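A short write-up of the structure that comes next.
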Amino acid sequence: MFEGITKGLKGALSFIERSRLTESNIHEGLGQVREALLEADVNFDVANDFIDRVSVQAVGDRVLKSIRPSEQIVGIVHQELVELMGPVDASLPIQRDGLTVLMLCGLQGSGKTTTCGKLARMLKEQGHLPMLVAADLQRPAAIDQLQVIAEQIAVPCYTEPATSTPLSVCQNGLKEAKRNPEIGVVILDTAGRLHVDDELMGELEQLDRRIQPHQVLLVCDAMTGQDAVNSAKAFNDALEVDGVILTKLDGDTRGGAALSVKAVTGVPIKFIGVGEQLDRLEEFRPEGMADRILGMGDVVGLVQRAQEQIDTDEALAQQQKMMDGKFTLEDFRKQMRMMRKMGPMREIMKMIPGVGGMVDDNPDMENPEEDLRRIEGMIDSMTPHERNNPERIDRSRRNRIAKGSGNPPSEVNNLLKQFDAMSGMMQQMAGMGVKDRMRAVKEMSEGGMLDPGAQVRKEKTRSKRGSVDRDQVRNRKRQQRKNARKARKRNRR
Ligand SMILES: Nc1nc2c(ncn2[C@@H]2O[C@H](COP(=O)(O)OP(=O)(O)OP(=O)(O)O)[C@@H](O)[C@H]2O)c(=O)[nH]1
Ligand SMILES: [Mg+2]
């Protein structure tokens, strides 16, 4: 997400960081920030206003005379990004009594139908029973598509034949929903058009007037950049939209839409779609987005995602096992599977503060899934006994595991060594304060323990290039062991 803009902004901000700050080079640095915004397809006026606001604050005495002016500027840019995209109240207006009606609208292919399913799934998780209503009668397949989605998440879906009218489908759908006291929310899936046109707006206005939904949510495709922003403006002028749901942010989007929508239309983004699957919907938080855009990670988002996907009891049990020194390769494999459920690893890793930039710049992190899969493959090739007692894995077992998983024996060896070091560290970390823990994590990552695949990969790439520097590899390994020993020693004290 937003790799281009993150890189551009980082470049600009690191220019500011490197310079001895004066008014003139602050302006030069901010000029680069502006370039990065425009490059990311941020609306021209929005980018200019943004830079003006940052400039006014950045050239003041408060910044120039502060101890670390460049940090202050990063802080100002962050704050202004948050203001640009917020404030937002992403909660849905769920009524205490009676039905809550949400209407989704948007251009063709923006993701309305999928998002109806995502919202319904989210509401269901929160304990409501939503009903979907197929009010898109333009495309014959649209009704089936919504029904399939409703079945996937096991919620009711109201449909009528394509010969009906959107208004009567919605009115009858509401009547039907009222008959079932368990149904709390009705989500209307409306038809899209290629462009904003009078016919579409007329149909939606009529629905809005007659049905009076509690919220009208506009679904926009982030990949279409400024077009999304312009259509959002047109929709809002006609319909008074309550919030935008920006979809396809998982794709190769430049981010311009996310940054411009609120400033251009006055309507906040409430949710973002980050994948085709029905669990890929997130509440929009400007702070988290600003963190991610600046490559600072997004801890709150990470925790939210983890809470959704990870079984808390299981996680607690695993933590206890770590503390007791009973953490096995079996548990390790379970954890990797849980992590995989949270979404694409590159995205997840970028949400960890300090890791964002590493992921972008590091060719070793090109495909972390592959590493996880490879490690899982090795663990899969072990017997349960071996997984629970890795110390029993001797040379012949190791060769068997290597063969079974299609890896060289050295890689199995690496996994075992690093697992051993890691479980030792985890046990010690359990008794540490936050600061010591952070230091330990830093040492672990310097030693390559947090990414066991990376080492092997690095060596592989080197040997492919035909220039294996064995001394270098050996030295690095020695350094790793030294770091791990040092950390263990300190923690024992
Ligand atoms: N990658 C990604 N794809 C998405 C997302 N949301 C929707 N899609 C995909 O976008 C395509 C269009 O989605 P639909 O939900 O059918 O869009 P629609 O707005 O209902 O389209 P019409 O009914 O034809 O107007 C589908 O292939 C979806 O899987 C998202 O957040 N990320
Ligand atoms: Mg649709």
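The values are calculated or read from the model by the stated rules, or taken from the named source; none is laboratory data. All figures in this text were calculated on a predicted structure; none of them were measured in a lab. Cβ placement follows ideal geometry from the backbone for every residue including glycine, while neighbour counts extend to all protein chains displayed.
Name the residues in region 150-162 that are within 19 Å of Gln108 (Cβ to Cβ) and touching an Asp or Glu at 6+ places or on another chain (Cβ under 9 Å), would you?
If the condition is that a residue be within 19 Å of Gln108 (Cβ to Cβ) and touching an Asp or Glu at 6+ places or on another chain (Cβ under 9 Å), then no residue fits.
Which condition breaks for Asp189 when tested against (1) within 16 Å of ligand 2 (Cβ to nearest atom); (2) modelled with pLDDT under 95; (3) farther than 29 Å from Arg34 by Cα; (4) not hydrophobic (A, V, I, L, M, F, W, C)?
(2)
Sort out which residues of region 216-233 are away from ligand 1 (no atom under 16 Å from the Cβ) and either closer than 18 Å to Gly86 by Cα or aliphatic (A, V, I, L, M) (or both), and write them in order of number.
The answer is Val229, Lys233.
Contact list please: Cβ distance under 7 Å, first residue in region 121-146 and under 30 Å from Glu199 (Cβ atoms), second residue hydroxyl-bearing (Ser, Thr, Tyr) and in a helix (DSSP H, G or I), pairs at least six apart or on different chains.
Partner pairs satisfying both residue conditions: Ala142/Thr113; Gln145/Thr113; Leu146/Thr113.
Each row is one residue, and each column tells you yes or no for (1) within 13 Å of ligand 1 (Cβ to nearest atom); (2) of a type in the set (A, V, I, L, M); (3) not assigned by TED's automatic domain parsing to the domain that holds Leu281.
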{"residue": "Thr113", "(1), (2), (3)": "yes, no, no"}
{"residue": "Leu123", "(1), (2), (3)": "no, yes, no"}
{"residue": "Gln126", "(1), (2), (3)": "no, no, no"}
{"residue": "Leu129", "(1), (2), (3)": "no, yes, no"}
{"residue": "Glu182", "(1), (2), (3)": "no, no, no"}
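Please tell me if Met103 is touching a Lys or Arg at 6+ places or on another chain (Cβ under 7 Å) and either within 16 Å of ligand 2 (Cβ to nearest atom) or not hydroxyl-bearing (Ser, Thr, Tyr) (or both).
No: the conditions fail for Met103.
Restrict the check to region 158-167 and report whether at least one residue is in contact with a helix residue (DSSP H, G or I) (Cβ under 6 Å, 6 or more places away or on another chain), buried (at least 22 other Cβ atoms within 10 Å of the Cβ) and free of Cβ contacts under 8 Å to residues at least 40 places away in the same chain.
yes
Exactly one condition in (1) touching a Phe, Trp or Tyr at 6+ places or on another chain (Cβ under 9 Å); (2) modelled with pLDDT of 95 or more; (3) closer than 21 Å to Pro93 by Cβ is false for Asp242; which is it?
Looking at each condition in turn, Asp242 falls short on (1).
Working only within region 122-140, note down all residues that are within 16 Å of ligand 2 (Cβ to nearest atom) and closer than 26 Å to Arg179 by Cβ.
Passing the criteria: Leu132, Val133, Ala134, Ala135, Asp136, Leu137.
Residue by residue through region 265-282, note down the ones that are within 18 Å of Glu83 (Cα to Cα) and surrounded by 18 or more Cβ atoms within 10 Å (Cβ to Cβ).
Listed by number, the residues that qualify are Thr265, Val267, Pro268, Ile269, Lys270, Phe271, Ile272.
So, of the residues in region 325-343 that are modelled with pLDDT under 75 and surrounded by fewer than 15 Cβ atoms within 10 Å (Cβ to Cβ), which turns out to be farthest from Asp371 (Cα to Cα)?
By that ranking, first place goes to Gly325.
Considering each residue of region 37-66, count those that are in a helix (DSSP H, G or I), at pLDDT below 85 and surrounded by 16 or more Cβ atoms within 10 Å (Cβ to Cβ), and give that number.
2
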